[in-house]
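See below for the structure under consideration.
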Amino acid sequence: MSRVRCLLHGLDFRAIFFLFLIFPAGIFAIYCHGQKITYFLRPLWQSPPKPFIPITHYYNENVSMPTLCKLHGWGVREFPRRVYDAVLFSNEIDMLTIRWKELYPYITRFVLLESNSTFTALPKPLNFKVNREKFKFIEPRLSYGEIGGRFRKGENPFVEEAYQRLALDQLLRVAGIEDDDLLIMSDVDEIPSRHTIDLLRWCDDIPDVLHLELRNYLYSFEFQLSHKSWRASIHRYQRGKTKYAHYRQTDYLLSDSGWHCSFCFRYISDFIFKMKAYSHTDRVRFSHFLSPKRIQDIICKGADLYDMLPEEYTFKDIIGRMGPIPHSFSAVHLPSYLLENADQYKYLLPGNCLRERN
């Protein structure tokens, strides 16, 4: 005790204040907001990716296909290519319906693979199999597959994701895909517009691989993000070369090619499931992030579920995009099936942020 008294006697009030209040508070702040600090300082340690080469996208419903192909600098074919739409499925029943209704006229084969495991090794039901009756309209053109999860706890979720995408490659071959067929590689909620697919199946000399620039939405078509989505891609299939992936595969980007509606769920429980299930589960830093009341409040505000800063590469972009997403009241040029069935999918349209609890 005498040694402690001597130590304290040698410290002035400012040192004691720093040691017992400021220093612990700083540690706690870093614990709570360390991810924000890292994202804000991103411009100091990471350079922006190489910019895409944008391809101007021409379309009007009254313009002929030969004219549209010519405007893009491409020739026109005597007959259209076959098109395969391949997805990994988790639980997005509504988005899958809207996607397949949008693409139905131009898809040769719908290919869907689902697993009894999430990317994070959590067990899950085979949701498509349970709801398959709802998709009778594509049954004659459906190639469906199931794959058992590996259930390796603690493994990087991207390993399980890659494992499932490799299995989807095999299912595509079983489905009969051939060289020069078009293959759409995108998540269920990344929906190409039907006129984009029609253009690419009719035009000759298109690039072997194209990324599709999609209008980017969060929670519904009320909250449009300022930056575009680019991970969706379309490929002229080449056996032994084309591999199903969800990362950058070319520099070419076809402008305004569809919609990406992320976390666009009907039920609060689906938000919670995805937050725990997908590859970025590390973003759920605290248990209260999964509170249904908190999730509902965030949906209506257009804020971030993970309380993160924007993933940008300049301080100007980070600061400019901080805060909630502005509300949009435009429902112009959305998927036609969505608008034709607005009563059924009301929660996806502007002014309807309240979600159901099941």
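Can you give me the number of residues within region 274-302 that are among the hydrophobic types (A, V, I, L, M, F, W, C) and either loosely packed, with under 13 Cβ neighbours inside 10 Å or touching a helix residue (DSSP H, G or I) at 6+ places or on another chain (Cβ under 6 Å) (or both)?
Selection size over region 274-302: 4.
Based on this model, can you work out whether SER233 counts as among the polar types (S, T, N, Q), modelled with pLDDT of 95 or more and surrounded by fewer than 17 Cβ atoms within 10 Å (Cβ to Cβ)?
Numbers: among the polar types (S, T, N, Q): yes; modelled with pLDDT of 95 or more: yes; surrounded by fewer than 17 Cβ atoms within 10 Å (Cβ to Cβ): no.
Considered against the rule, which asks whether it is among the polar types (S, T, N, Q), modelled with pLDDT of 95 or more and surrounded by fewer than 17 Cβ atoms within 10 Å (Cβ to Cβ), SER233 comes out as no.
At pLDDT 95 or above and surrounded by 22 or more Cβ atoms within 10 Å (Cβ to Cβ): is that true of TYR84 in this structure?
yes
What number of residues within region 315-345 are under 28 Å from LYS293 (Cα atoms) and within 21 Å of the chain's Cα centre (by Cα)?
Count: 12.
Given the criteria of a type in the set (A, V, I, L, M) and under 14 Å from the mean Cα position of the chain (by Cα), does ALA162 qualify?
no
Being among the acidic types (Asp, Glu) and in a loop (DSSP other than H, G, I, E, B) is the filter; apply it to region 173-191 and report the residue that is nearest to LEU88 (Cα to Cα). If you could, list the steps in order and put the result at the bottom.
Kept after step one, since they are among the acidic types (Asp, Glu), are these residues of region 173-191: 178-181, 187, 189-190.
Within this subset, residues satisfying the condition of being in a loop (DSSP other than H, G, I, E, B) are 178-181, 187, 189.
Details: GLU178: 20, ASP179: 22, ASP180: 22, ASP181: 19, ASP187: 7, ASP189: 11 Å.
In this case the residue turns out to be ASP187.
Between a residue in region 285-305 that is closer than 19 Å to GLY351 by Cβ and any residue that is β-branched (Val, Ile, Thr) and outside any helix (DSSP H, G or I), which pairs come within a Cβ distance under 6 Å, given they are 6 or more apart or on different chains?
Going by the 6 Å Cβ cut-off, the qualifying pairs are GLY302/ILE325.
Applying the selection to region 314-353, what residues are within 23 Å of SER257 (Cα to Cα) and surrounded by fewer than 13 Cβ atoms within 10 Å (Cβ to Cβ)?
Hits for region 314-353 are PRO326, PHE329, SER330, VAL332, HIS333, GLU340.
Quick check: anything in region 303-313 surrounded by 15 or more Cβ atoms within 10 Å (Cβ to Cβ) and at positive phi?
Yes: region 303-313 contains one or more residues that are surrounded by 15 or more Cβ atoms within 10 Å (Cβ to Cβ) and at positive phi.
For SER64, are the conditions met, namely being among the hydroxyl-bearing types (Ser, Thr, Tyr) and over 26 Å from TRP230 (Cα atoms)?
In short, yes.
Only one of these is among the charged types (D, E, K, R) and crowded, with 17+ Cβ neighbours inside 10 Å: GLU190, GLU133. Name it.
Values: GLU133 fails: crowded, with 17+ Cβ neighbours inside 10 Å.
Sole residue among the options that is among the charged types (D, E, K, R) and crowded, with 17+ Cβ neighbours inside 10 Å: GLU190.
Restricting to region 104-150, name every residue that is β-branched (Val, Ile, Thr) and closer than 16 Å to ASP94 by Cα.
VAL130, ILE138
The values are calculated or read from the model by the stated rules, or taken from the named source; none is laboratory data. Quick caveat, the model's predicted, so the values are computed rather than measured. So basically every Cβ, Gly included, is an ideal-geometry build from the backbone, and we count neighbours across all protein chains shown.
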